[in-house]
Amino acid sequence: MTAISTPDTQPVQADKPAVAPRRSRDYRRLLAPALTRVAALALVLGLWAAITAAGLVDPLYLPSPRAVWEAFIRANSRHPIAPGVERTVIGEQNYYLWEHLLASLQRIAAGVGIAIVVGPPVGFVMGMLTPVRLVTEPILNFLRSLPPLGYIGLLIVWFGIGDLSKVWLLFLAAFPPIAIATLSGVTGVKQDYLNAARSLGAGRAQVISRVVLPATLPEVIGGIRIATAFAWTTVVAAELNNGIPGIGGLAYIAGTQLNTPLTIACIVVIGCAALVLDSVIKFLGTKAVPWKGKA
C-alpha cells in the first residue's frame, strides 16, 4: 500500500517535517536567555573564586565563595557556640536566616501594603482636582527626595525603636512613588478617549470607571513595583536599630563584627528576594492589566 501517491495524503505528509524544526526554534528562543544568565553568573563566580584563590584580596574584604556558602549554611542550621563547646545555638543572633528574611518581608508587607492602600486614592484625587494637586504636589516631591536615613532618627523619637518606626519608614519610602505614578496615570489619559466617551453619552462616573481607571491602572502597578524595590533597599536603614530579627539588621551587625562572609551572604539573600518580589509583582500586573500596551 503506497499512501504517498494519494493526493489527499501528500499535504499531511509534507506538513509533518515542519513541526519539529518550529518547536526546536521555540525551545532555543526560550532557553537562550536562561543559558546566557547562567553563563554570566558562572563567569562572575569563576572570577571571584580565582581572585580569592590567588590571594589578590585579603579575605577580610573579599572572602571566597566557599566561605560565603559556609556562612549561609551556618546561618540556617544549629551549630556549636564555639569550637569544642557542646552548647549549640540557632543560626545567627538566635534566629535562622530564613526567619530574619521573613521578619523583613513582614515589615515590607506592612509598610508597602499601607502605601498601596493610601497612595492610589491620594494620587487619583490629585490628578482629578487641580487645586488639590497644586497644594499637595510640592509636599509629595519634597517627601520623595528625602533619603530614608534623613528621618529615621525622628521616627524613632516619635514611635520608638520597635517595628512601628520601621513600618512608618518603609511606608514613607513607598508612598510617594505610588502616589506620583497614579497622578501621572490620571493626567496622562488621552483627551481623545475622554471626549469619545462623553460623545457616546457617558456620564462623569462612567468616564472615571470605564476610561480613567483602566488607563491609570498600569501606571499604578508600575509605581508599586518601583515603590517595593525602593522600600526593599531601605530595609537595612529601617533595621539599623533593634532590627533583629531582620535580614537588614543581620547584615548590619555582621558588618560591625567584621563577619564579611555572613555580610555577603545576607546581601545575596536580599538581592535574590528583591528579584523574586519584582517578578511576582510583574506577573500579577500582567494578569491584572492585560490591555497594557494594546490600547
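Filter the range 75-106 down to the residues that are assigned to a strand (DSSP E or B) and of a type in the set (A, V, I, L, M), then identify the one that is least open to solvent (accessible area, probe 1.4 Å).
V89
Run down V276, V211, V289, V269 and say which single residue is touching a Phe, Trp or Tyr at 6+ places or on another chain (Cβ under 6 Å) and not hydroxyl-bearing (S, T, Y). Walk me through it before giving the result.
Numbers: V276 fails: touching a Phe, Trp or Tyr at 6+ places or on another chain (Cβ under 6 Å); V289 fails: touching a Phe, Trp or Tyr at 6+ places or on another chain (Cβ under 6 Å); V269 fails: touching a Phe, Trp or Tyr at 6+ places or on another chain (Cβ under 6 Å).
Of the residues listed, the single one that is touching a Phe, Trp or Tyr at 6+ places or on another chain (Cβ under 6 Å) and not hydroxyl-bearing (S, T, Y) is V211.
Give A237, A197, A202 a once-over and let me know the one that is in a loop (DSSP other than H, G, I, E, B), open to solvent by less than 40 Å² (accessible area, probe 1.4 Å) and either farther than 23 Å from T130 by Cβ or of a type outside the set (S, T, Y) (or both).
Answer to the check: A202.
Regarding the range 38-59, can at least one residue be identified that is of a type in the set (V, I, T), open to solvent by 50 Å² or more (accessible area, probe 1.4 Å) and either farther than 23 Å from A265 by Cα or modelled with pLDDT under 75 (or both)?
Checked against the condition, which is being of a type in the set (V, I, T), open to solvent by 50 Å² or more (accessible area, probe 1.4 Å) and either farther than 23 Å from A265 by Cα or modelled with pLDDT under 75 (or both), the range 38-59 yields no hits at all.
Please pick out the residue among P59, P63 that is touching a helix residue (DSSP H, G or I) at 6+ places or on another chain (Cβ under 8 Å) and closer than 22 Å to I247 by Cα. Full working, then the answer.
Values: P59 fails: closer than 22 Å to I247 by Cα.
Just one listed residue meets the conditions, P63.
For G111, are the conditions met, namely being of a type in the set (G, A, S) and either open to solvent by 70 Å² or more (accessible area, probe 1.4 Å) or without any contact (Cβ under 8 Å) to a residue 60 or more places away in the chain (or both)?
Values: of a type in the set (G, A, S): yes; either open to solvent by 70 Å² or more (accessible area, probe 1.4 Å) or without any contact (Cβ under 8 Å) to a residue 60 or more places away in the chain (or both): no.
So G111 does not fit the description; no.
Is it the case that A82 is farther than 27 Å from I253 by Cα and free of Cβ contacts under 8 Å to residues at least 12 places away in the same chain?
Judged against the criteria, A82 is not a match.
Where residues in the range 127-175 are among the charged types (D, E, K, R) and within 16 Å of G111 (Cβ to Cβ), which of them is surrounded by the fewest Cβ atoms within 10 Å (Cβ to Cβ)? It would help to see each step written out before you state the result.
Keep residues of the range 127-175 that are among the charged types (D, E, K, R), which gives 133, 137, 144, 163, 166.
Adding the requirement that they be within 16 Å of G111 (Cβ to Cβ) leaves 144, 163, 166.
Details: R144: 15, D163: 19, K166: 32.
Only one residue fits best here, namely R144.
Across the range 107-151, what is the number of residues that are more than 22 Å from G249 (Cα to Cα) and assigned to a helix (DSSP H, G or I)?
Start the filter on the range 107-151 by keeping residues that are more than 22 Å from G249 (Cα to Cα), which leaves 114-145.
When the remaining residues are screened for being assigned to a helix (DSSP H, G or I), the result is 114-128, 130-145.
Total meeting the criteria: 31.
Return the residues of the range 227-285 that are of a type in the set (S, T, N, Q), modelled with pLDDT of 90 or more and more than 23 Å from P177 (Cβ to Cβ); say none if nothing qualifies.
Passing the criteria: T256, Q257, N259, T260, T263.
Can you confirm whether V189 is open to solvent by less than 50 Å² (accessible area, probe 1.4 Å), in contact (Cβ under 8 Å) with a residue 24 or more places away in the chain and over 30 Å from V235 (Cα atoms)?
Against the criterion (open to solvent by less than 50 Å² (accessible area, probe 1.4 Å), in contact (Cβ under 8 Å) with a residue 24 or more places away in the chain and over 30 Å from V235 (Cα atoms)), V189 qualifies.
Here are L105, L35, L97, L101: which of them is hydrophobic (A, V, I, L, M, F, W, C) and farther than 19 Å from V235 by Cβ?
Step by step, each of L105, L35, L97, L101 is checked, and only L35 is hydrophobic (A, V, I, L, M, F, W, C) and farther than 19 Å from V235 by Cβ.
For the range 256-292, what are the residues that are in a loop (DSSP other than H, G, I, E, B) and either surrounded by 12 or more Cβ atoms within 10 Å (Cβ to Cβ) or touching a residue at least 60 places away in the same chain (Cβ under 8 Å) (or both)?
Those that are in a loop (DSSP other than H, G, I, E, B) and either surrounded by 12 or more Cβ atoms within 10 Å (Cβ to Cβ) or touching a residue at least 60 places away in the same chain (Cβ under 8 Å) (or both): L258, N259, V289, W291, K292.
Given V212, V220, which one is open to solvent by less than 30 Å² (accessible area, probe 1.4 Å) and modelled with pLDDT under 90?
V212
The values are calculated or read from the model by the stated rules, or taken from the named source; none is laboratory data. Everything numeric in this text was worked out from a predicted model, so none of it was measured. Neighbour counts run over all protein chains shown; Cβ positions are idealised from the backbone, glycine included. These accessible areas exclude ligands, DNA and RNA; they are computed on the full protein's heavy atoms, side chains included. Shrake-Rupley method; radii C 1.70, N 1.55, O 1.52, S 1.80 Å.
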